[in-house]
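Below you'll find the structure, written out as structure tokens, and then a few comments.
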Amino acid sequence: MGLPESLYRRLWAKLKFEDYDLGETAQMVVDEEDNRIYLRTVKDLAVGGDCFLVDHAWTFKQRVAYKNLMENEKLRDRLTNIVSYSEKMDLPGENPYEKKKPSLEEYWKTMEE
């Protein structure tokens, strides 16, 4: 199944302006006990009503991820932006996966220890 022709113009505009707006419609939920990540919508989606681009921000090997992140300020800023943006949204209703998560800064401090 391809992209419906009715969304071609929308896709073109998103590509041209690098409009990564999935965060306005959905939020990633981390379940640390099951070691899984879920994508949960925060508003209703109509079939064929929109298309979304995913900004693949970072590819890494786990054994050098921390070192790469610490050496690349632009990447740290970009990831901090992504994380802080998603934290600003409140999920409707009760979140069954809610757990105390450290901030990105707190996590980096634990990695330095």
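No value in this document is a laboratory result; all are computed from the given coordinates. Everything numeric in this text was worked out from a predicted model, so none of it was measured. Using ideal geometry, Cβ is built from the backbone for each residue, glycine included, and neighbour counts are taken over all protein chains shown.
Given 0.36 nm per residue, what is the gain on full extension from residue 16 to residue 67 after removing their alpha carbon distance, in nm?
Working: separation 51, 0.36 × 51 = 18.36 nm, distance 3.27 nm.
Residue separation times 0.36 nm, minus the Cα-Cα distance, leaves 15.1 nm.
Please go through the residue pairs 14/61; 16/61; 74/109; 43/109; 14/43; 14/67 and name each one whose alpha carbons sit more than 24 Å apart in this structure. Numbers along the way, then the final one.
Values: 14/61 30 Å; 16/61 30 Å; 74/109 18 Å; 43/109 35 Å; 14/43 20 Å; 14/67 33 Å.
Violating the 24 Å Cα-Cα cut-off are 14/61; 16/61; 43/109; 14/67.
Find, among the GluC sites (Glu not before Pro) in the range 1-71, those assigned to loop by DSSP (not H, G, I, E, B) with at most 15 other beta-carbon atoms within 10 angstrom. Mind showing how you got there, number by number?
Working: sites: 5, 18, 24, 32, 33, 71; in loops: 18, 32, 33.
Passing both the DSSP loop test and the Cβ count: 18, 32, 33.
Going by how many other Cβ atoms sit within 10 Å of their own, how do 110, 25 line up, fewest first?
Final ranking by Cβ density, sparse to dense: 110, 25.
What nm distance separates the two modelled labels at residue 25 and residue 54, each placed 7 Å from Cα along Cα→Cβ?
1.4 nm
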